[in-house]
Amino acid sequence: AALSKTQEVDIKGGWNVGDPVPYAALAKVFSLIEATTKRLEKTALLTAFFLLVIQRTGKGDTTSLLQAVYLCINRLCPDYVGIELGIGESLLIKAISESTGRSLASIKADLKVEGDLGLVAKNSKNSQKTIFKPKPLTLPFVFSNLKEIALSSGNSSQSKKVSIVQKLLAACQDQEAKYIVRSLEGKLRIGNAERTVLVALAHAFVLAEQERANKRLNPDKLAARLEGSVSIVKSVYSELPSYDLVVPALLEVGIDKLQDKCKLTPGVPLKPMLAKPTKAIGELLDRFENKRFTCEYKYDGERAQVHKLEDGTVSVFSRNSEDMSKKYPDLTEQLPHCIKDITKSFVLDAEAVAIDKDTGKLMPFQELSKRKRKDVKVEDIQVRVCLFAFDLLYVNGEPLLHKPLVERRQLLREHFQLVPGEFNFAKSSDGETTDEIQAFLEESVKDGCEGLMVKMLEGDASYYQPSRRSVNWLKLKKDYLAGVGDSLDLVVVGGYYGKGKRTNVYGAFLLACYDADAEEYQTICKIGTGFSEEALQAHYETLKPLEMTKVRGDVKVGGAKPDVWFEPKVVWEVLTADLSLSPIYTAAQGLVEDRGISLRFPRFIRVRDDKSANDATGPEQIAEMYERQALAQKGGKKKKGDA
Ligand code: ATP
């Protein structure tokens with residue numbers, strides 16, 4: 001519905017049924033999406049494009065729609081495969097220069113003004129005189145070349161990448177260079193969240209179905225059908241987050257049978273269920289009143305989703321669906337010891353925790369984070385890791401997400417066995433009184449844990465909810481009780497040069513939270529105390545390559561004025577003593593008051609390299625923390641003052 005007639009003609013121009021999807025059509029849709037800030041319009045535009053792809057590609061062609069979906073979220077394959085786009089600025093500048101004949105210096109100068117290499121590439125292309133009109137780019141051609149670039153590694157990979165980019169740029173017309181370069185940089189900047197893509201996919205299938213049947217549903221029925229389809233597609237994707245599997249299945253069986261076809265499958269990591277913070281045992285008891293719940297130790301390690309396929313393949317995935325099998329070869333080696341004979345395939349949710357070999361005592365997370373992320377050799381490992389299993393999501397061909405936790409836990413115990421120092425079940429207590437919970441919390445802290453996870457045990461509310469921060473899982477950390485509150489995960493978006501001894505590194509940093517609905521980073525505080533010289537040096541080395549010539553469009557800056565801007569990528573866990581309203585920062589603006597919220601006396605805890613920028617704390621959580629604090633203060637009066 002969003003495509004006006006002229007736009008439709010513009011997109012379809014020369015695109016006949018059965019033709020490969022023209023890349024120009026996608027570029028046109030991207031520019032329309034970029035031009036609007038309205039979420040509904042973005043969704044409708046994407047829906048219209050997917051609908052065209054469904055209708056114009058031949059029967060049996062599942063790749064065109066799949067590639068279209070990937071290019072819209074700027075990925076080439078599912079997360080866990082780990083093939084990423086993201087070529088450095090200088091390599092791209094070189095390719096633009098070589099393909100347009102412009103000097104490096106003039107391209108760099110333009111970039112300083114525009115702050116967007118995509119735009120610079122487009123302008124450079126469009127001012128170039130060409131004798132022959134190049135052969136139009138197709139979506140499959142662009143996709144396969146992007147993939148080739150992402151996959152090329154080794155000595156000659158730089159020149160190979162430059163030559164592929166050059167070849168692509170040579171064939172670009174109109175807007176195409178802008179989006180190809182942005183794709184290559186790993187930032188499309190059109191504000192297309194994964195959620196939008198899922199909604200648009202569902203909508204496109206409903207509309208295609210309606211057109212095929214040549215029968216228009218009345219508006220109420222259509223609205224209900226669209227809503228129902230979105231919930232099916234979202235729920236399927238949360239269990240099986242792989243477009244490689246979901247898109248062909250949609251084309252094959254349609255929406256209504258999708259759930260039968262696509263289920264949780266070992267080998268495809270699902271997004272983990274997460275917990276909400278709770279500050280007091282009283283609050284927890286209110287929430288779970290008259291319900292059966294359980295308290296488990298909240299281990300201080302790294303989330304590990306362990307998958308075993310029938311053929312014996314074992315993989316360990318991180319919280320972010322990254323394959324960590326190369327980081328934890330010891331885990332994979334240990335695993336067979338704890339699996340019982342009856343257990344053929346499974347998906348296990350667990351925490352990998354460092355332990356002292358001799359005493360068996362748990363060690364803090366930092367011990368594990370010192371490990372390399374790849375190519376760890378078992379013989380070089382100093383600190384051992386023990387797996388603490390707390391959930392079983394799939395066993396012997398059967399997904400268990402829709403079974404109550406009591407049953408999942410029972411199955412977990414039936415299918416696995418304790419191996420001291422290697423595998424254990426998360427320690428739990430089903431105590432229900434404040435005193436019992438308090439005692440268990442203290443015990444957990446004494447044993448080296450962060451606190452407790454409190455989970456609903458029975459009924460629908462205890463089902464496993466992938467990718468949700470759910471109220472049916474509450475975390476009770478020791479820090480909360482001291483009145484400090486939960487930590488926040490924030491993205492480093494800017495840097496301030498150091499003073500005195502620290503002029504060669506950044507001395508302070510600008511942090512931001514992430515608003516997933518608005519798809520923007522909102523600034524929240526400057527942090528600059530408590531870093532050692534070595535830490536500052538290490539941060540400098542990580543952040544320097546992320547420096548950007550201009551602030552990115554999706555950072556809501558407010559009055560912050562850092563010396564340099566960074567590509568939002570690095571996530572830090574930060575604690576704060578206090579939150580306050582601020583005229584400078586933009587976090588949670590409009591949620592509590594017109595002003596934003598800022599952290600006072602923020603304290604760096606650790607780098608969260610298991611989280612991506614989109615996993616950072618959201619503005620609602622910050623507003624919630626602020627309001628709780630306001631409530632805790634006398635008479636619930638809000639506190640004034642700026643950071
Ligand atoms: P945090 O900084 O608290 O780890 P998070 O955003 O990674 O936050 P939360 O939902 O807040 O995740 O807390 C759940 C995390 O705690 C899980 O991701 C897991 O790594 C860890 N954990 C440790 N023990 C348990 C347990 N018994 N049950 C569930 N999660 C546990």
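Read the figures in this text as sums done on the coordinates, not as results from a lab. Bear in mind that the values here come from a model prediction, so they are computed numbers and not experimental data. With ideal geometry, Cβ positions are generated from the backbone for all residues, glycine too; neighbour counts draw on all protein chains shown.
Just a few scattered comments:
- Relative counts (whole %) of C-alpha pair distances in the range 172-241, using bins that are 10 Å wide: 17, 33, 26, 21, 2
- Folded to 0 to 90 degrees: helix 219-239 orientation relative to the chain principal axis, Cα: 60
- All distinct Cα pairs of the range 528-587 go into the 1/r average, and the inverse of that average, the Kirkwood radius, is 13.7 Å.
- Only DSSP H runs of four or more residues enter the estimate; each adds -39500 (n - 2.57), and after division by the residues of the chain the mean residue ellipticity at 222 nm equals -11500 deg cm²/dmol.
- Rounded to two decimals, the Cα-based Rg/Rh of the range 106-205, with Kirkwood Rh, is 1.01.
- Considering only Cα atoms, the convex hull volume of the range 322-399 works out to 112 Å³ per residue.
- Debye, to nearest 20: dipole size of the range 434-569, +1 on Lys, Arg Cβ, -1 on Asp, Glu Cβ: 760
- At 0.890 mPa s and 25 °C, Stokes diffusion of the range 316-463 via Kirkwood alpha-carbon radius, µm² per second: 147
- For the range 443-593, the fraction of alpha-carbon pairs in successive 10 Å shells from zero, as %: 10, 31, 31, 21, 7, 1, 0
- Per residue, the average separation of C-alpha pairs within less than 8 Å and at least 6 apart gives the range 522-638 a relative contact order of 27 percent.
- For the range 507-643, the Kirkwood hydrodynamic radius comes to 15.4 Å, computed from all pairs of different C-alpha atoms.
- Electrostatic dipole magnitude of the chain [Cβ: Lys, Arg +1; Asp, Glu -1; Cα centre; debye, to 20]: 2040
- Computed over the chain: relative contact order in percent, which uses C-alpha pairs under 8 Å that are six or more apart: 11
- Cα convex hull, the range 385-468: 125 Å³ per residue, rounded to a whole number.
- Exposure rule at most 15 other beta-carbon atoms within 10 Å, DSSP loop GluC sites (Glu not before Pro): the chain longest free segment: 85-288
- Whole-Å semi-axes of the range 1-102's equivalent ellipsoid (Cα gyration tensor): 26, 18, 16
- Along the range 601-607 the Karplus relation, 6.51 cos²θ - 1.76 cosθ + 1.60 evaluated at θ = phi - 60°, assigns HN-Hα couplings of 6, x, 10, 6, 9, 6, 7 Hz to successive residues, with x for each Gly and Pro.
- Taking 0.36 nm per residue of separation and subtracting the Cα-Cα distance, full extension of the segment from residue 84 to residue 170 would add 28.6 nm.
- With Cα atoms as the point set, the range 66-106 shows a radius of gyration and Dmax of 14.4, 39 Å.
- Sorting 47, 549 from the fewest to the most surrounding beta carbons within 10 angstrom yields 549, 47.
- Listed by chain and number, the lysines whose C-alpha is less than 29 Å from the C-alpha of residue 257, apart from same-chain residues fewer than 8 away, are 42, 59, 215, 221, 234, 271, 308, 344, 403.
- Shown here is the pair-distance distribution of the range 217-263: with all Cα-Cα distances grouped in 10 Å bins from zero up to the longest one, the shares run 28, 50, 19, 2 percent.
- Calculated P(r) of the chain - Cα pairs past 32 Å, %: 55
- C-alpha long axis of helix 157-170 to longest principal axis of the chain, angle in °: 50
- Rounded to 10°, Cα long-axis angle of helix 194-213 versus longest principal axis of the chain: 60
- Inter-part distance, the range 1-68 to the range 91-126, computed on C-alpha centroids, equals 28 Å.
- By the beta-carbon count within 10 Å of each Cβ, the least crowded to most crowded order of 122, 38, fewest first, is 38, 122.
- By the rule of a C-alpha distance below 21 Å, with chain neighbours fewer than 8 residues away ignored, the lysines paired with residue 372 are 326, 327, 357, 544, 569, 611.
- Converting phi to 3J(HN,Hα) with the Karplus coefficients 6.51, -1.76 and 1.60 and the offset θ = phi - 60°, the range 77-90 yields 6, x, 3, 6, 7, x, 9, 10, 7, x, 9, x, 3, 5 Hz in sequence order, with x at every glycine or proline.
- Vicinal HN-Hα couplings computed from phi for the range 285-302 (Karplus, 6.51 cos²θ - 1.76 cosθ + 1.60; Hz; Gly/Pro x): 5, 4, 5, 9, 3, 6, 10, 7, 9, 10, 10, 10, 4, 9, 6, 9, x, 10
- If only the Cβ of Lys and Arg carry +1 and only the Cβ of Asp and Glu carry -1, the dipole of the range 363-464 around its Cα centre is close to 680 debye.
- Normalised by the number of residues in the range 176-321, the mean separation of alpha-carbon contacts (under 8 Å, six or more apart) gives a relative contact order of 17 percent.
- Extreme residue, positive dipole direction of the range 407-502, given options 496, 452, 437 (C-beta unit charges): 496
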